[in-house]
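This report concerns only the one structure given below.
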Amino acid sequence: MRLKNLLSLNNITAIVKISFLIFLFLIMLFNRSFVGLYIFGFRLGELLTGVGLLFAVIFLLAPKKYLSDFYFNNLQFYSQKLIFISFFVVTFLNEGSLLNAYTYKSSSYIWTISFLFFGVIYKFNSWIKAEDILTYFFIIPFITYIFSSGNYPNVMIDFFKVNSDKFQFLKPSDLFIGYAALNFLMKFIIRSQNRRFLYFLVTSFTLLPLLLFSSRGSFLGVVIYMCFEIIYSRRFIVNNKTRVIIYLLVSSLFFIFSTLRIDKAEELNRPTVEKLIQVATPGAISDSLTSLAQEKETVTVLFSFYWHYGRLESTDPTTNWRLDIWQDITHDMIDEGIVFKGYGYNEIFPAMLDPTAPGRLGRDGLNENVHNYFVNIFARGGIFQLILFILFHIGLIKYWKDKNQNYQILMYVVPSFIVSSLDITMEGVQYPLIYYFFLYYFLKNSTKVKVIELYG
């Protein structure tokens, strides 16, 4: 009798929910190192991409009446089907092989779309609610901040060096997507707007100095998310001026601590009262913030662009490196007449092998990524595939708009894609898994936000 109860559908569903959320929690904490773990001779990321491919095949072949949980509206549904179909068309036009492993590696950005449907498990009832576990996710931005600012546990480093294909510290883009997903998640988890806004300020002010130092793209993503949040919270801010000022003062302490921690890590390695007093002066804080900004020339890069012989260039070397690749790929595709079909999935982009621009493949010769999600789609699948991806996301945004009569979902989608336009994100596994899973959850539960924002 006990075994029968244990194996009931209700209990099995609950176990699946718990297991997946623990799995997602670990991915958000350890990112690339975690998805590189070997399981039965395959990396976890490869297995996840394979599951995404399987979902895509089911979605493509199954009758519409069986796909109600995967359906948002006609624009999303049919553009997604056409994206999967476009893979086979592009492969055929470019004489590719469906038996070549590289074909699926270079097209992984297509299969990871299916991560959108990982959230379908929460359509089933069980004695455990997703929110009961997701509530504990609020701590992730703080843990990842500690990991990324010099306190990664040695025991975990040793574990991943032995059991993963590589150990890698958390990338700024992975820090960003965790920040964006969890701040938007709090709209569903925390009913008090006071607490949500305080959480938003504390996480934002804690991460900003770190991202200012490590990545301009992710820093920009957080700033844009903050702008959206302030716009949508303007009524709350106006009606709670005193409380908001107190929250800003509290958050500023996190900002000061974070700034000093990043800039004066050696001095604060073994902090004493005397050291804290010495480094926490207004002048020292200002100098630290200036130092962080100058490290990546965050401000000056905005004014670094200029036209030179018909090409957009930048005085910033890193930015110019990206611009060079994007424009070379575009010009090469136009010259070769492959704008509509792309390069396909057979090989590395020729622009990455340009002998006049050594270093595009990186020091290890393994970098194939163009550091721009949209350029990558265009180069691989041509202009029509790029249009299908855009229509797919427009369909999802329209679904939110029709349910909630607002465009609040843009504060999650827009910064995520801005970061993806400047870094390797969607070409991996962990970033699209987090992005798409939470996007599904947000869209299917969006009416909760509407109620909270209007009456909470």
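The values are calculated or read from the model by the stated rules, or taken from the named source; none is laboratory data. Quick caveat, the model's predicted, so the values are computed rather than measured. As a convention, Cβ positions derive from the backbone with ideal geometry for all residues, glycine included, and neighbour counts pool all protein chains shown.
Selection of first residues in region 110-126 that are modelled with pLDDT under 85 and basic (Lys, Arg) and of second residues that are surrounded by fewer than 21 Cβ atoms within 10 Å (Cβ to Cβ) and part of a helix (DSSP H, G or I), restricted to Cβ pairs under 8 Å at least 6 apart or on distinct chains, gives the following pairs, ordered by first then second residue: LYS123/ASP69; LYS123/LYS444. Scanning region 391-419 for residues that are assigned to a helix (DSSP H, G or I), free of Cβ contacts under 8 Å to residues at least 60 places away in the same chain and of a type outside the set (Lys, Arg) returns HIS393, ILE397, TRP400, ASN404, VAL413, PHE417. Per the conditions (1) farther than 25 Å from GLN430 by Cβ; (2) under 26 Å from the mean Cα position of the chain (by Cα); (3) in a loop (DSSP other than H, G, I, E, B), the sole criterion not satisfied by LEU99 is (2). For region 18-29, the condition holds for at least one residue, the condition being that it is over 20 Å from the mean Cα position of the chain (by Cα) and assigned to a helix (DSSP H, G or I).
Out of curiosity, is PHE77 within 29 Å of ILE383 (Cβ to Cβ), touching a residue at least 40 places away in the same chain (Cβ under 8 Å) and in contact with a helix residue (DSSP H, G or I) (Cβ under 7 Å, 6 or more places away or on another chain)? Against the criterion (within 29 Å of ILE383 (Cβ to Cβ), touching a residue at least 40 places away in the same chain (Cβ under 8 Å) and in contact with a helix residue (DSSP H, G or I) (Cβ under 7 Å, 6 or more places away or on another chain)), PHE77 does not qualify.
Against the list (1) among the small types (Gly, Ala, Ser); (2) surrounded by fewer than 17 Cβ atoms within 10 Å (Cβ to Cβ); (3) closer than 25 Å to ILE140 by Cα, the condition GLY50 fails is (3).
Filtering region 132-181 to residues that are outside any loop (DSSP other than H, G, I, E, B) and touching a strand residue (DSSP E or B) at 6+ places or on another chain (Cβ under 7 Å) leaves ASN163, SER164.
Results for (1) within 19 Å of GLN408 (Cα to Cα); (2) touching a residue at least 40 places away in the same chain (Cβ under 8 Å); (3) buried (at least 21 other Cβ atoms within 10 Å of the Cβ), shown as yes or no for each residue.
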residue	(1), (2), (3)
PHE167	no, yes, no
LEU170	no, yes, yes
LEU175	no, yes, yes
PHE188	yes, yes, no
LEU210	no, yes, yes
SER215	no, yes, yes
CYS227	yes, no, no
ARG234	yes, no, no
LYS241	no, no, no
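Of note, LYS187 does not satisfy the criterion of being of a type in the set (Lys, Arg) and under 16 Å from the mean Cα position of the chain (by Cα).
Going by the structure shown, is PHE374 hydrophobic (A, V, I, L, M, F, W, C), farther than 18 Å from LEU323 by Cβ and at pLDDT 90 or above? In short, no.
Would you check which residues across region 30-43 are touching a residue at least 12 places away in the same chain (Cβ under 8 Å) and outside any loop (DSSP other than H, G, I, E, B) and list them? Across region 30-43, the qualifying residues are PHE30, ASN31, ARG32, SER33, PHE34, VAL35, LEU37, TYR38, ARG43.
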